[in-house]
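The values are calculated or read from the model by the stated rules, or taken from the named source; none is laboratory data. All figures in this text were calculated on a predicted structure; none of them were measured in a lab. All Cβ positions, even for glycine, are placed from backbone atoms using ideal geometry, and neighbour counts span all protein chains on display. When the accessible area is computed, the model is the full protein with side chains, heavy atoms only, and any ligands, DNA or RNA have been set aside. Shrake-Rupley method; radii C 1.70, N 1.55, O 1.52, S 1.80 Å.
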Number of protein chains: 2
Amino acid sequence: MAFGIVLAGLAKGLVASPLRDVSTPKYLDVAEKIRREGLTSEKAYAFLERLTKAAGLRLTGSPQAAAAVELTRAMMAETGFETWLEPVTVQHWVRGVETADIVSPPGAEIQSLAITALGWSVPTPAGGITADVVEVGSFDELAGRAEKIKNRIVFFNHPMDRTLMDTFRAYGEAAQFRTRGAAEAAKFGAAAVLIRSATFRTDRNPHAGMVQYDPVVSRIPAAAVATADADALSRLLQRGTPVSVHLNLDCQTLADVKSSNVVGQIRGTEHPDEIVLLGGHLDSWDLAVGAHDDGSGCVQAMEALRLIKSVSSAPKRTVRVVLFMNEEFGATGGRDYAADVRRKKERHLAAIESDRGGFLPIGFGISGSPDQFARLKILEDLLRPSGIQWVRAGGGGADIGPLGAQGAVLMSFIPNAQTYFDVHHSGLDMLSSVHPRELELGAIVMAIAAYVTAQEGT
Amino acid sequence: MAFGIVLAGLAKGLVASPLRDVSTPKYLDVAEKIRREGLTSEKAYAFLERLTKAAGLRLTGSPQAAAAVELTRAMMAETGFETWLEPVTVQHWVRGVETADIVSPPGAEIQSLAITALGWSVPTPAGGITADVVEVGSFDELAGRAEKIKNRIVFFNHPMDRTLMDTFRAYGEAAQFRTRGAAEAAKFGAAAVLIRSATFRTDRNPHAGMVQYDPVVSRIPAAAVATADADALSRLLQRGTPVSVHLNLDCQTLADVKSSNVVGQIRGTEHPDEIVLLGGHLDSWDLAVGAHDDGSGCVQAMEALRLIKSVSSAPKRTVRVVLFMNEEFGATGGRDYAADVRRKKERHLAAIESDRGGFLPIGFGISGSPDQFARLKILEDLLRPSGIQWVRAGGGGADIGPLGAQGAVLMSFIPNAQTYFDVHHSGLDMLSSVHPRELELGAIVMAIAAYVTAQEGT
């Protein structure tokens, strides 16, 4: 049946002739072996359990992030990979006390808002600030109320658009208020900003994320509000009487820290300096253990390489796992990796990133030239028996992006993301939110794609 | 973009000419409206919350099943549907005490096995039975040990095959020991059977299900064992010393009960006697509220009709929801519905069943003649924007099957089932295991398919 699918793919003319042998029964057999080993062992989840339980919250620059570096290197060494660390300079922001209390009117349905400081946020002055709240739903609305913003707390209450099937698009539209809201509000003299959390769910879990300040505008404190609290605050504001909030944040930005990307590999037998990279990012937010974001991506990359090792002691080209540090605070891990002097002796043919959660595999995105895409589209026939529905043009990721500029074909593993933003950047991103079998299927898909690419090139 | 997809579909020659207008922007627009209304309201989950909280466990024949009949009829009436009940005769089996204790050897790693009686199981004699356990992995192995079976408890320990992507197939292979194990073991004189639960997970939740006795073989007590307990029992047996278990079941089969299928509909304006049916089954197992099996199917059917009502006060043909009673104990609801004298005045064009869990939509199966399939395949282009990846030949369901024999096109909603058997028939099939957005997407898909079929016929 699987072979029939390959023939159907050939019949549709999807396959350029030079790579036709990629679809030979040899690869179907290997893909089947990888899938069987993965589904039987579910080792990705065992890796994730160890990572999340032993290293915990892994905010970039933190002692836990440093522990995760040592732990994952040890895990990869135990699995039989060649391992090393590469230096990354990372920022070190730390959360402190964070409270937002409704001072007036008295008797509101909610008194203390569930908030969390955004990454990079400056603190409030000691003791906090008290100011009236102005709610806006967009930057246009902010500009339209320019004269009412000065010394106020601006409350960006833009919900994620539930009608979009592409939840990353809905997230992107909502998250612009988190990233740019403080800078835009500060232009009009705002004292601070509160941002509705980017999730479809109505609950009391604030969702963190970075704020991006504008170098020429003053930096004001910025925090995310849980969606249930945002709704309550909005209802209170609709009464028409002023709502005053006391906001207290004592987060701090400390000195930069020396950290590491963690590398594990199996050296290629024929072209050891040609690399197929499997990656995720090791740092997480600090409200939960980052089981999906991006613990899943890290353990899927490790497990994919273990699966390759289980079917082939050494592929023709080097397959390398890189667990990138500091994706959440500027993706310096990916930048420093690509810029490292070691890269001069290497050629990265392809890089596959998993950073969209550890859910059911749906699709696979591939960038590269039209010819490269046409040749790699044959992966669709090899990945379909493991649950991939389609392979489409368009791949990338924050960490592997710089390698694309150096000529690597970028590939994205695309899982079901209908529920991802429920947990993303929040206290809900716990081990229990990841399913062992769905997580493993992602590792299987990545293993097959990496193995075939390592054998055939791009 | 959605229109571009339709053109691609036409270009591929998937569409027979008579129904080409099914793909007109009119239906794309309606499909979009249904999707937006569904994703914004997530009413399917509100229905499910009410059903599971108010009616609870809904074992066929139970007072809760009767309460669920009244409740769901009221819910559909409140939603503006024409409603009525149709009679179904159902069996009434009740669970009682159920224990399985390891009598010897002493000091085993486990003393009390987590078990649950299978539906239809006869009780043990009062006070229970004590017998040595014989483990087998297959019916061949059972036959090979024929002389060791008499008066023993046969322990069928056949795990679901994790390497299969089609989890229903893995379930089907494992569940044959649940359905036929007692009859096969009784042929060799077994005193009772214990069956490993059909799930990939290793936990202490036994999974219920029906046992099918053979009319010419004596009926022996039958219970499912949780997988973790099955593993522990197997390890104990591997020591080589006899393992004796005291099994006590006092389940009973009571007199048959008069129950009902629950019907709600919107009458067609042009062909009121031509029916497009949306169905699920209202009864559940009694270890949890059957949130997935099949509360999800019931509320998706109701929500699909509500969505149709939200975009069209009345379709051309009648769209009818039927919540079938007694799927789990023999599917008499579907049988009695199809056989009812009312059907003589009606023609069921199509029936869509949801009984594979309330997870992310993946595909849609359609039975019918090649011509009907070719014409309805255009649904693929209308369903894809709501997440459906493919429409394939092959549809059906335990409840709607008898309508197929009467000429109805049968359609199956096919969600992601990688995690379904974690909860299926067990105490884990709770409301919290269902995701509002994924559940709603199924209702949306069913609504679009039913609406287009009601407008265009088959």
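Remark on A:D203: its backbone amide H falls under 5 Å from those of A:T227, A:A228, a criterion applied only to residues 5 or more positions apart or on other chains, H modelled at 1.01 Å from N. In plain terms, the C-alpha convex hull of the stretch B:23-127 casts an average shadow of 13.2 nm² when viewed from every direction.
When only Cα pairs below 8 angstrom with a gap of at least 6 residues are kept, chain A shows a relative contact order of 22 percent. What you get for the stretch B:34-111, charging only the Cβ of Lys and Arg (+1) and of Asp and Glu (-1), is a dipole of about 240 debye around the Cα centre.
Against chain B, whose longest principal axis comes from its Cα atoms, helix B:297-311 is set at around 10 degrees.
Remark: mean inter-chain Cβ contacts per residue of A:385-394 equal 1, using a 10 Å Cβ-Cβ cutoff to other protein chain atoms.
Distances between equivalent label points of B:T241 across the copies, with each point positioned 7 Å along Cα→Cβ, amount to 7.7 nm, shortest listed first. Listed peptides A:362-374, A:222-234, A:284-296 appear in the order A:284-296, A:222-234, A:362-374 once ranked by packing, highest mean of other Cβ atoms within 10 Å at the front. Across the options B:T241, A:A408, A:L305, the greatest Cα extent toward the positive end of the charge dipole of the protein assembly as shown (unit charges at beta carbon of Lys, Arg, Asp, Glu) belongs to A:A408.
Simple point charges give the picture: +1 on the Cβ of Lys and Arg, -1 on the Cβ of Asp and Glu, and for the stretch B:162-263 a dipole about the Cα centre of about 180 debye.
Listed by chain and number, the lysines placed with their C-alpha closer than 22 angstrom to that of B:K53 are B:K43; residues fewer than eight positions away on the same chain are left out.
With all protein chains in place and a 1.4 Å probe, the accessible surface of chain A carries 53 percent carbon and sulfur. Here the 3J(HN,Hα) profile of the stretch A:154-160, calculated from phi with Karplus coefficients 6.51, -1.76 and 1.60 at θ = phi - 60°, is 8, 10, 7, 10, 9, x, 4 Hz, Gly and Pro shown as x. For the stretch B:299-458, the Kirkwood hydrodynamic radius comes to 16.1 Å, computed from all pairs of different C-alpha atoms. Per-peptide packing, taken as the mean over residues of other Cβ atoms within 10 Å, places A:398-410, B:412-424, B:244-256 in the sequence B:412-424, A:398-410, B:244-256 from highest down. Taking N as the residue count of chain B, its C-alpha radius of gyration divided by 2.2 N^0.38 Å amounts to 1.04. Stokes-Einstein diffusion of the stretch B:90-152 at 20 °C, 1.002 mPa s viscosity, Kirkwood radius from Cα pairs, rounded to a whole number: 149 µm²/s.
Annotation: for a label point projected 7 angstrom from Cα along Cα→Cβ of A:D340, residues of the stretch A:389-424 with backbone N closer than 14 Å are A:400, A:403. The GluC sites (Glu not before Pro) found in the stretch A:98-181 that occupy coil by DSSP, while having at most 10 further C-beta atoms within 10 Å, are A:E109. Relative to the compact-globule estimate of 2.2 N^0.38 Å, the Cα radius of gyration of the stretch A:364-409 comes out at 1.19.
When the chymotrypsin sites (Phe, Trp or Tyr not before Pro) in the stretch A:111-173 are filtered for DSSP coil states and for at most 13 other beta-carbon atoms within 10 Å of their beta-carbon, no site remains.
A simple rule links phi to the HN-Hα coupling: the Karplus curve 6.51 cos²θ - 1.76 cosθ + 1.60 with θ = phi - 60°, which for the stretch B:327-338 gives 5, 6, 10, x, 6, 6, x, x, 5, 5, 4, 5 Hz, with x for Gly and Pro. The C-alpha atoms of chain B define a longest principal axis, and helix B:167-187 lies at about 40 degrees to it. As I understand it, the value is the acute angle between the Cα axis of helix A:63-78 and the longest principal axis of the Cα atoms of chain A; what does it come to in degrees, rounded to 10? The answer is roughly 10 degrees. Between B:T241 and B:A108, the simple spin-label model (points 7 angstrom out along Cα→Cβ) gives 1.2 nm.
Each of B:A198, B:G209, B:A183 was placed along the dipole of the stretch B:178-217 (beta-carbon charges, centred on the mean Cα), and the one lying farthest toward the positive end is B:A198. Peptide B:162-170 is shielded by partner chain Cβ atoms: per residue, an average of 3 of them sit within 10 Å of its Cβ.
To the nearest µm²/s, what D does Stokes-Einstein give for the stretch A:195-273 at 10 °C and 1.306 mPa s, using the Kirkwood radius over alpha carbon pairs as Rh? This corresponds to a translational diffusion coefficient of 91 µm²/s.
On the beta carbon distance between B:S138 and A:K53, with R0 = 41 Å, the FRET formula returns roughly 0.60. Counting, for every residue in B:202-208, the Cβ atoms of other protein chains within 10 Å of its Cβ and taking the mean gives 0.
In this entry, the protein assembly as shown is assigned a mean projected area of 40.9 nm², taken as a quarter of its C-alpha convex hull surface. Cα centroids of the stretch A:402-458 and the stretch B:322-344: 45 Å apart. Computed from the alpha carbon positions, the gyration tensor of the stretch A:363-458 leads to an equivalent ellipsoid with semi-axes of 26, 17, 11 Å, biggest first.
Relative to the other identical copies, A:I110 shows label-point distances of 4.5 nm, where the label point lies 7 Å from Cα along the Cβ direction and values run shortest first. Length gained on full extension, A:T253 to A:D29: 75.4 nm, using 0.36 nm per residue less the C-alpha separation. Cα extents for the stretch B:277-329 along the principal axes, largest to smallest and rounded to whole angstrom: 40, 17, 8.
All alpha carbon pair distances within the stretch B:316-386 were sorted into 5 Å bins beginning at 0; the resulting P(r) in whole percents reads 3, 11, 17, 20, 22, 16, 9, 2. Chain A residue nearest the axis that carries A onto B, by Cβ, with distance in whole Å, is A:Q389, 2.
A Cβ-based charge dipole, computed about the Cα centre of the stretch A:44-87 with Lys and Arg at +1 and Asp and Glu at -1, lands at about 200 debye. Distance between the C-alpha centres of the stretch A:221-270 and the stretch A:171-214: 8 Å, rounded to the whole angstrom. The rule of thumb for compact globular proteins, 2.2 N^0.38 Å, goes into the C-alpha radius of gyration of the stretch B:223-332 1.70 times. Volume per residue for the stretch B:246-306 equals 118 cubic angstrom (convex hull of Cα atoms). Taking a ≥ b ≥ c as the square roots of the Cα gyration tensor eigenvalues, with a/c under 1.5 meaning rounded and otherwise prolate when a/b beats b/c, else oblate, which class fits the stretch A:120-215? Since a/c reaches 1.5 and a/b is larger than b/c, the shape of the stretch A:120-215 is classed as prolate. Per the accessible-area calculation with a 1.4 Å probe, the total area buried between chain B and chain A rounds to 2400 Å². Of the residues B:L382, B:A398, B:F364, the one whose Cα sits farthest towards the positive end of the charge dipole of the stretch B:314-398 is B:L382 (charges of +1 on Lys and Arg Cβ, -1 on Asp and Glu Cβ, taken about the Cα centre).
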